[in-house]
Each structure stands twice: as C-alpha cells, then as structure tokens.
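The values are calculated or read from the model by the stated rules, or taken from the named source; none is laboratory data. Model, not experiment: these values are computed from the prediction. Please note: Cβ atoms are built from the backbone with ideal geometry, for glycine as well, and neighbour counts cover all protein chains shown. Quick note on the areas: whole protein, heavy atoms, side chains included, nothing else; ligands and nucleic acids left out. Shrake-Rupley method; radii C 1.70, N 1.55, O 1.52, S 1.80 Å.
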Amino acid sequence: MNPTLALRKRAAKVLQGLRAAYPDAGCELVFSNPLELAVAAILSAQCTDKRVNLVTPALFRKYRTAADWARTPQDVLENEIRSTGFFRNKAKNIRALCAELEKNHGGRIPDDLDVLITLPGIGRKTANLLIATAYGKPGIIVDTHFRRLSQRLGLTKNDDPDKIEFDLKALLPEKDWSDFSHCMVFHGRRCCFARKPNCPGCPVKDLCPSAGKT
C-alpha cells in the first residue's frame, strides 16, 4: 500500500477510536466570545487550563472589550495574571494584541488564519484554536499533547509544530481537523501522558507503533 494512503487510513482509524473514547472532546478553556478565548489561550502557555479557568472569570467581568484590556496598566495586569506564570510577557502580549485589535480590527478577533498569525501574541497554534473553537472552521491545533501523540502514533516524523500541522492536514479531511485536534488533546491529558503513558488503557493502542515502548 502507498505509505501516504496507509497513514491516512491509520489517522482515520485513530480518530474513530478517539471519538468513541472522548465523545465530549473540545476546548477546556472557559470563554463566551472570541476575544475571551484569545486571552485565555495566551494565559494557557506553560500553564494548565484548570489554572487559567480559575483566573479568567474575574478578568472577564472586569475587561469587556479590547479597549479595556489595552488601557489597563502593565503592572496591574501582571499582578492579576501572576499565578499563570510568565506574567510579564503574557500581560505585554495581551495588551499589544488588544491595542492592535482596537486600532485595526474594530476591537474584534478576525476569523481569518492568515490575519490572525500577524497579530501580537498569536502563533499558529492559537490562531487555529480560534478558527476551530470560536468560529467553527477547520483547524489543526498543535499543542504539546498533539505534538507528542502525532509522533508516537507515527503520523509525522517532524518535531516542528508548523510542519506537524501541515503533515496532519495532508492526512485528514478538512472537516475532521478540529475534531482530531480536540480528541488528541483529550487523549494526551487523560491517557497518553508524556511520562508513563497508560498504554494498556489506550483505546487506539492497536494502531500505535509506540504502544508499550515508551
């Protein structure tokens, strides 16, 4: 069988198995609009979604618009997000992003991937998260879990997140990109851990060339 075709079939079977195991897979950051998701995503870097979700309710009550975030003093925002780690850079990125949104995008998060990746604090992972989760468009979201699992499953040989994104886009139908991303993240958080993955309890272990070897 053609190697690419074989990988596409494996990816499809992996998605089938993960969908059955995690029917509720989705973004675990709590938000009510695209701007809130963008801020939560920036805060989630090197931090758990659980911690971010403890911090954001008070922030989202205080800061309603991009202009609100942009106007807040750096030191004030730093103090409010300190518990998420890397708070100086995160505060700087949030304020810069929101200033740019207010100046050039009517205070709104664009729904175009190519535009999103030009914005302060928004890399390809966050841009795809916004596209997929806030706007319901197809996106491959390569976070640390997705990166680890796609390598273990033999779906990519690349280590660079951007290359992994394009590798997986070539293996999956566009309509499945977002579901695959969320299922992979759920699986990485609940079973295929970085250290001591639970291979015996894995719903796709029969499809994984790394099963029992990690």
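So for region 58-77 (the condition being open to solvent by 30 Å² or more (accessible area, probe 1.4 Å), free of Cβ contacts under 8 Å to residues at least 12 places away in the same chain and under 27 Å from VAL185 (Cβ atoms)), does at least one residue qualify? Among the residues of region 58-77, not one is open to solvent by 30 Å² or more (accessible area, probe 1.4 Å), free of Cβ contacts under 8 Å to residues at least 12 places away in the same chain and under 27 Å from VAL185 (Cβ atoms), which makes the answer no. If you scan region 154-169, which residues turn out to be open to solvent by less than 10 Å² (accessible area, probe 1.4 Å) and more than 14 Å from the chain's Cα centre (by Cα)? Of everything in region 154-169, those that are open to solvent by less than 10 Å² (accessible area, probe 1.4 Å) and more than 14 Å from the chain's Cα centre (by Cα) turn out to be LEU155, LEU168. Listed by position, the helices (runs of 4 or more DSSP H) contained in region 1-85 that have at least 2 residues being modelled with pLDDT under 95 are 3-21. Looking only at region 165-182, which residues are free of Cβ contacts under 8 Å to residues at least 60 places away in the same chain and over 19 Å from PHE193 (Cα atoms)? Hits for region 165-182 are GLU165, PHE166, ASP167, LYS169, PRO173, GLU174, LYS175, TRP177, SER178.
Selection of first residues in region 127-140 that are within 17 Å of ALA25 (Cβ to Cβ) and of second residues that are acidic (Asp, Glu) and crowded, with 19+ Cβ neighbours inside 10 Å, restricted to Cβ pairs under 7 Å at least 6 apart or on distinct chains, gives the following pairs, ordered by first then second residue: ILE140/GLU165.
On inspection, GLU100 fails the criterion of being under 27 Å from VAL185 (Cβ atoms) and among the acidic types (Asp, Glu).
Among residues of region 193-211 that are touching a residue at least 60 places away in the same chain (Cβ under 8 Å) and of a type in the set (D, E, K, R), none has a beta-carbon under 6 Å from a residue that is assigned to a loop (DSSP other than H, G, I, E, B) and open to solvent by 30 Å² or more (accessible area, probe 1.4 Å) at least six positions away or on a different chain. Between GLY154, GLY212, the distinction of being over 22 Å from GLU28 (Cβ atoms), part of a loop (DSSP other than H, G, I, E, B) and modelled with pLDDT of 95 or more belongs to GLY154 only. For the subset of region 170-196 comprising residues that are aliphatic (A, V, I, L, M) and either within 17 Å of PRO23 (Cβ to Cβ) or part of a helix (DSSP H, G or I) (or both), which member is most open to solvent (accessible area, probe 1.4 Å)? If we take residues in region 170-196 being aliphatic (A, V, I, L, M) and either within 17 Å of PRO23 (Cβ to Cβ) or part of a helix (DSSP H, G or I) (or both), then ALA170 is most open to solvent (accessible area, probe 1.4 Å).
The C-beta contact set for region 24-47 (first residue over 12 Å from THR84 (Cα atoms) and open to solvent by 30 Å² or more (accessible area, probe 1.4 Å), second residue assigned to a loop (DSSP other than H, G, I, E, B) and of a type in the set (A, V, I, L, M), distance under 6 angstrom, 6+ apart or interchain) comprises PRO34/ILE109. Only one of the numbered conditions (1) open to solvent by 60 Å² or more (accessible area, probe 1.4 Å); (2) touching a residue at least 24 places away in the same chain (Cβ under 8 Å) is not met by THR118, and that is (2). Does region 103-115 contain at least one residue that is of a type in the set (Asp, Glu), part of a loop (DSSP other than H, G, I, E, B) and either under 24 Å from PRO161 (Cα atoms) or under 18 Å from the mean Cα position of the chain (by Cα) (or both)? Checked region 103-115: at least one residue is of a type in the set (Asp, Glu), part of a loop (DSSP other than H, G, I, E, B) and either under 24 Å from PRO161 (Cα atoms) or under 18 Å from the mean Cα position of the chain (by Cα) (or both). Take the conditions (1) open to solvent by 10 Å² or more (accessible area, probe 1.4 Å); (2) assigned to a helix (DSSP H, G or I); LYS137 misses just one of them, which is (2).
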